[in-house]
Amino acid sequence: MHDVIVVGGGAAGLTAAIYACRKRLRTLVVTLDIGGQTNLTEHIENYPGYTQKSGPGLMKTFEEQAKAFGTEFVFGKAQKLEKKDKSFLLTLTNGEKYDGKTVILAYGKVPRTLGIPGEEMYLGRGVSTCATCDMPLFKGKNVAVIGGGNSALEAAELGTKFAKKVYLVHRRDGFRADEITVDKVKSASNVELVLFSVPAEIKGDKFLRHLTVENVNTKKRRTLDVDGVFVEIGYAIDTDFVKHLVELNKEREIIVNDVGETSCPGIFACGDVTQILYKQTVIAAGEGAKAGLSAYAYLQRMEGKPVVKLDWA
């Protein structure tokens with residue numbers, strides 16, 4: 001039983017974990033990756049006190065700090081959240097289950113999924129939604145990148161620096177990415193364009209080994225021998241697994257009050273998944289701190305202990 005389960009490993013979730021751990025709460029972070037959308041930029045210039053300008057670098061610092069205070073991490077995707085008598089049960093897509101006295105929803109916008117057989121099974125075991133985070137792990141191996149926008153083309157370009165071969169799978173022959181990036185990818189000697197094709201199935205053993213793609217015109221299938229598949233087809237707000245527990249607005253964002261409380265006692269939310277305006281890293285971090293402190297105050301009240309005032313009065 002964890003005191004706090006944080007769903008999401010971006011700026012909001014990691015900050016919430018830091019604040020919860022500093023209150024001596026046993027804290028678990030469940031996430032698909034570390035860093036969330038902050039990883040998508042190499043040029044952060046407006047985070048106070050941080051001048052390195054690398055999004056992944058900033059998130060690495062967040063992760064190290066969370067681990068230093070005792071945060072536990074599990075990599076996976078949340079599928080179901082249930083309210084029990086005095087706790088919550090979180091089930092992941094791989095079937096793993098975790099109990100928590102409180103839950104902090106901090107997963108922001110989540111990567112869109114392919115919805116094909118084998119995808120969920122191999123998340124974290126070859127399937128990745130963050131090329132910046134994971135591409136270096138595939139040095140000298142074959143990988144496939146799915147998509148045709150900037151994130152996909154940038155992932156493919158990054159792959160040329162590490163992977164032995166990069167298959168770029170796209171349902172059309174035109175790309176929505178910046179022309180300069182498209183030209184770099186097309187001219188790379190270790191890139192093969194797999195056009196007019198969509199992913200159909202992922203297979204493997206303990207780890208991913210094969211990606212089957214289907215031609216959208218001929219319906220013929222082809223199997224690519226790869227060790228990694230990078231899904232780069234955009235982001236969306238996914239609140240389906242919590243909509244029965246918390247109140248949502250018309251944009252399907254989770255509604256919170258000024259201290260991160262949702263409509264369900266014991267569930268808190270912060271960052272881009274909420275209705276809070278200005279989706280910025282620094283704001284997500286601040287909201288995460290509030291959620292972590294609110295979870296602590298909630299547990300103190302539930303245990304009949306005095307709530308330590310958290311203001312300067």
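The values are calculated or read from the model by the stated rules, or taken from the named source; none is laboratory data. Everything numeric here is computed off the predicted structure, so don't read it as measured data. Neighbour counts are summed over all protein chains in view; Cβ atoms, including those assigned to glycine, are modelled from backbone coordinates with ideal geometry.
Pairs meeting the criteria (first residue in the stretch 195-206 and of a type in the set (S, T, N, Q), second residue assigned to a strand (DSSP E or B), beta carbons under 8 Å, at least 6 apart or on different chains) are SER197/VAL169; SER197/HIS170; SER197/VAL213; SER197/GLU214; SER197/ASN215; SER197/ARG222. Considering (1) touching a residue at least 40 places away in the same chain (Cβ under 8 Å); (2) under 26 Å from ALA295 (Cβ atoms), the lone condition that ASN94 does not fulfil carries the number (1).
If we keep just the residues of the stretch 8-63 that are closer than 17 Å to GLY266 by Cα and among the hydroxyl-bearing types (Ser, Thr, Tyr), which is surrounded by the fewest Cβ atoms within 10 Å (Cβ to Cβ)? Checked the stretch 8-63; the qualifying residue surrounded by the fewest Cβ atoms within 10 Å (Cβ to Cβ) is TYR19. Evaluating VAL256 against the criteria (1) closer than 26 Å to GLY35 by Cα; (2) aliphatic (A, V, I, L, M); (3) part of a helix (DSSP H, G or I); (4) in contact with a Ser or Thr (Cβ under 7 Å, 6 or more places away or on another chain) leaves one unmet condition, (3). Pairing each residue of the stretch 171-192 that is farther than 15 Å from LEU158 by Cβ with any residue that is among the hydrophobic types (A, V, I, L, M, F, W, C) and at pLDDT 95 or above, provided the two are 6+ apart or on different chains, yields C-beta distances under 6 Å for ARG171/VAL198; ARG171/VAL216; ASP173/LEU195; PHE175/VAL182. Among the residues of the stretch 29-41, the ones that are modelled with pLDDT under 90, under 10 Å from THR132 (Cβ atoms) and part of a loop (DSSP other than H, G, I, E, B) come to 2 in all. In the stretch 42-79, what count of residues is obtained for those that are part of a loop (DSSP other than H, G, I, E, B), touching a strand residue (DSSP E or B) at 6+ places or on another chain (Cβ under 8 Å) and among the polar types (S, T, N, Q)? The number of residues fulfilling the criteria is 1. Test SER87 against the stated conditions and say whether it is out of contact with any Ser or Thr (no Cβ under 8 Å at 6 or more places or on another chain), of a type outside the set (D, E, K, R) and closer than 21 Å to MET135 by Cα. Judged against the criteria, SER87 is not a match.
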